[in-house]
Structure formats: structure tokens, C-alpha cells
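Remarks on the structure that follows.
FYI, it's all coordinate maths here, none of it is from the lab. For clarity, every value in this text was computed on a predicted model and none was experimentally measured. Note that we place each Cβ from the backbone using ideal geometry, even for glycine, and neighbour counts take in every protein chain shown.
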Amino acid sequence: MRQLPASIVTVLALVLALLAAAAAPAAALPQPAAATLAARPVAVVGTAVPAAAAKTTVALNNSPLVTYYPSATVNIKTKNAKGLRAALQRYSGSKWVTVWKAPTSVAKSSQTVAASYKFSKRATVKVRGTLLKGSKIVARSASQSLSYQKWPTWVQSAQGSTLFEQNRGRVAAGEKASHTLQLYYTDVARKGRFQEYRGGKWVTLKNLNWKPQPGSWYSTAQTVTTPATTKTASKKYRLVVDSTANDAGLSQTVTIRHENPEDYTGYAQQAHEFIQDYCPSTMITVRPGSYAESMWPENRIELYPGLTELGLKYVALHECAHVVQRVTFNNDHARMSETFNAIYKTTGSTGYEQAADCMAFAMGAPDNWAYYTSNCKGERGAAAAAVLAGKIPSVK
Ligand SMILES: [Zn+2]
């Protein structure tokens, strides 16, 4: 409908308006058009004029009614309806059906009556207010759409909304990928599963139960963890959130390569051999370029090709030093940065970069390759040695 030329839409709207004026119920129309039509005062045909002098009127809100809960309240605004009974009708099949009736009659000349409507599932229905004298309708409002809406639940996590996002598809041999997940926008308990694809079928590794938290759209958290495997192998994992009556389910499938550096060949194998005493399971990516980096928070370094043997030894050990820094400081980058800057009398990234050089030399890197510093004396060298030994150096 949205893709039709504007002129056709206009003509169509006019035809629909004429149909409505001819007292055809508007609700049989497709939803987008019906919503537009609902705002038109179509209910004038056939309305009984009450005997009272002042005109009896009934109206709903003049904008679409939206609820985010299965129980909706619809305000029926009445004027000059004393003694009449307000009721709510829903258009169903091809006729209006009364779905709620006020327990008492209207008592004031201007009164809003709160009608309730219960949805069994997310849907948009057409409703209207009526005023009854006995079982006879004496006034009716324009029809109006009533929607039970809900933003879809999604996965919410400080570690990314995609399963094992921080692992970027790889986990070192003997280590586990782990992800703590909450659901956002869920008002009911949700069940799910964490599964691994084995031998042609999905095997559940963990059943998951997220619970709503009062006053929050965040559910409780669930943590999923891959098994550790020492063989280099790609495995498929799946996160499943079951559907509920009012919400669709979710499913995410990711492939994780469990990677054992012992299986490397060529340049990567050479680099692995240089670092294996300190970074035995650290994964190595060799890719084009002219810089190397350590991929926090993964246990992985990236190296560039073409270095001489001694050059590769220095670069690989410098990046391995960053891996050791990450492990020693337990992923607290800010604390690591502050600690080294205090000891090395530096700012920004310079402290931990110089420390990585000092750590690399301590691990056997040739110091004539020093890029950041070759001054590893005194407190500087002691701090490098401490971090290498897994201890956070104290700062005076
Ligand atoms: Zn560095």
C-alpha cells in the first residue's frame, strides 16, 4: 500500500470514505487504511436520537489506542447519558460484538467510563463505545483501532548482543567462550536453551531461564559457556529463546573455531614457538599490513608477514607481553595504563607500550629491535618482571 503512487492512494482513500459513509463497517478493510478511517466520524448513520433534550454522545480517544499490556483500559467518554449503560464493542468477523459492559449506569451528565479489554495475543482490533438502554444501543462512538503492542524482546549484554561477540569467532584451545546475557523488554519469565550442533542435531548444553525483574525491562542474567576443547575444530552453537503467547522467540547461531596454536604451520608456527613459554594458547593471525596488535579481550595477537626471524621474535614477544598484561590486570585496561604510566613516568598508551618492550626483552627478545624503549633499568624492569610473573606492581 505504501508503495502505490500518491494519486492512487488518494482515490482509494476517497472510495473507502464513501463506503464508510454508506454505513459499511470500516473494519473489514486492511489495517493501515482502517486505522486512517477510524478517525472519521462514520457512526452517524442509524444513530438513534435519545428523547432527552441535551444530545447524548459517546466517544473514545481521538488517537489510536495502544497498550503494552494484555489488559487494556479504554476510556469511554459520555455526555448526557445519565441512566444509560456504557459498553465496549469489538468488530469481529463481520459484526460488532459487545465485549464489556459497565456494571452500573452512567450517573453524571459528563462521565468517563473505564472499560477493560483483555488481549490473548498481540493484535490490533477495532473497538467502539456504545450506550445502552436495556439491550438497545442508543448511541455509539466512532470506531477506533486498539493495539496490543510490544517491542520485540532482544538480547542485551555488556559483551555484545550477538552470541560470543567478543570472541570474534575464535577461542583458544583449552579455553571457553563465555557470554552473560539478559533479555530486554520482557515482562514474563522466558525459557531457552544453549545448544551445540553435534552429529546432525542440536544438543542442549544448558537450559536457560530468564526472569523478569520488578520495575525493569531487563531480565535476570544467564551465562552460556562453550566446552573447552584442545582440538582445532569449528563448532556451531545456538542460543534459543522460546516464544511466549505474546512474544516471538529468538534464535542465534554462531560458529566458533576452537584453535590450537600447536597446529599452526609456517610463519604463525614460527611466531608461536617464540612466545609459547609465556603465551602457550595465544592464537595468532597473520594478515597483510605493517603493524601488529594484541586483540583485547581475546587471547589472540595479529602479526604482519615479512619480518626477519629476529624481527618476528621481537614483535611476537611484544604482543605476547600485552596478552600477559591483560591476564595480570584481569582485563582492567585503565588500571594497567595508570600503573605503568606512574612507574614509567609517561602518559597515554606509552607506559604499557614501554613495559611491553621491557617484558619482551625479559622473555628473550633482541633489544636492538626496541621500538618503544630500551631503558628497562631499576623500577621499570622490576615492574615488567612483576607483571610477567602475574603480579600487579605497587605504585608509590
Ligand atoms: Zn604494543
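Listed by Cβ neighbour count within 10 Å, with the fewest neighbours leading, I256, I392 appear as I392, I256.
Taking 0.36 nm per residue of sequence separation and removing the Cα-Cα distance, the V395/N330 pair yields an extension gain of 21.7 nm. Only helices reaching 27 angstrom along their own axis (Cα) with mean Kyte-Doolittle hydropathy no lower than 0.0 count here, and for the DSSP H runs of the chain these are 309-328. Cα gyration tensor of region 294-396, axes a ≥ b ≥ c as square roots of the eigenvalues: rounded (a/c below 1.5), prolate (a/b > b/c) or oblate? In terms of gyration-tensor shape, oblate.
Which net charge results for the neighbourhood of M336, defined as the other residues with beta-carbon distances under 14 angstrom from its beta-carbon, given Lys and Arg at +1 and Asp and Glu at -1?
0
Cross-link partners for K231 among the aspartates and glutamates, with Cα-Cα distance under 19 Å and sequence neighbours closer than 8 places in the same chain left out: E175, E196, E259, E262, D263, E273, E298. Counting only residues at least eight positions apart within a chain, or on another chain, the lysines with an alpha carbon under 25 Å from that of K82 are K55, K101, K108, K133, K136. Beyond 28 Å in Cα-Cα separation lie the following of the pairs K121/K201; K150/K211; K121/K176: K121/K201; K121/K176. Bridging of K345 to lysines at a Cα separation below 16 Å is possible for K377, K396, once same-chain residues fewer than 8 apart are set aside.
About the centre of its Cα atoms, region 261-388 shows a dipole size close to 340 debye [charges on the beta carbon of Lys, Arg (+1) and Asp, Glu (-1) only; nearest 20 debye]. Annotation for region 288-329 versus region 112-186: alpha-carbon center distance of 47 Å.
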